[in-house]
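Take a look at the structure set out below.
The values are calculated or read from the model by the stated rules, or taken from the named source; none is laboratory data. The model shown is predicted, which means the values in this text are computed figures rather than measured ones. Heavy atoms of the whole protein, side chains included, go into the accessibility calculation; ligands, DNA and RNA do not. Shrake-Rupley method; radii C 1.70, N 1.55, O 1.52, S 1.80 Å.
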Amino acid sequence: MPRVTEETVDYVAALAHLSLTDEERSTFARQLDAILAYAESIRSLDTADVPAMSHAGSTRAFREDAPRAGLERQVVLDSAPDAADGLFRVPRVLA
């Protein structure tokens, strides 16, 4: 018996203010049920001998975090489309 029914999909769609066709409702129910089944299979794995990690990437990929000089202010202002009095000029956003 599926864990996710079309009624469950209707409930979630109503919370998200979505309108779904009958085909979408059926498809989403089937897909969500498959996702939950996959998550259940992962939960059943024995991870007792797997060391904990903070993220999946290797920490060797990061550079040393060291301060360094930034761009010269005048160089940046010279490359701006519109600068005045040492500042960037931009179009007004709020009236």
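Rolling a 1.4 Å probe over the heavy atoms of the protein chains gives the chain an accessible area of 96 Å² per residue. Per-residue extension of 0.36 nm, minus the Cα-Cα distance of residue 19 and residue 34, leaves a gain of 3.2 nm for this segment. Rounded to the nearest whole Hz, the Karplus-based 3J(HN,Hα) values (6.51 cos²θ - 1.76 cosθ + 1.60, θ = phi - 60°) of the range 42-55 follow the sequence 5, 4, 7, 6, 7, 10, 4, 9, 8, x, 5, 9, 7, 7, with x at glycine and proline.
With θ taken as phi - 60° and the Karplus curve 6.51 cos²θ - 1.76 cosθ + 1.60 applied, the whole-hertz 3J(HN,Hα) list for the range 5-20 is 9, 5, 5, 5, 4, 4, 4, 5, 4, 5, 4, 8, 6, 10, 10, 10 Hz, x standing for glycine and proline.
Close amide H contacts of residue 83 (hydrogens built in the peptide plane, cut-off under 5 Å, sequence separation of 5 or more or a different chain): 89. Only helices enter the 222 nm calculation for the chain: every DSSP H run of n ≥ 4 contributes -39,500 (n - 2.57), and dividing by all residues gives -13000 deg cm²/dmol, rounded to 500.
Across the chain, the mean sequence separation of Cα contacts (distance under 8 Å, 6 or more residues apart), normalised by length, yields a relative contact order of 18 percent. Ignoring ligands, DNA and RNA, please state the percent of accessible area on the chain from carbon and sulfur, probe 1.4 Å. On the chain, the fraction of accessible area on carbon and sulfur atoms equals 58 percent.
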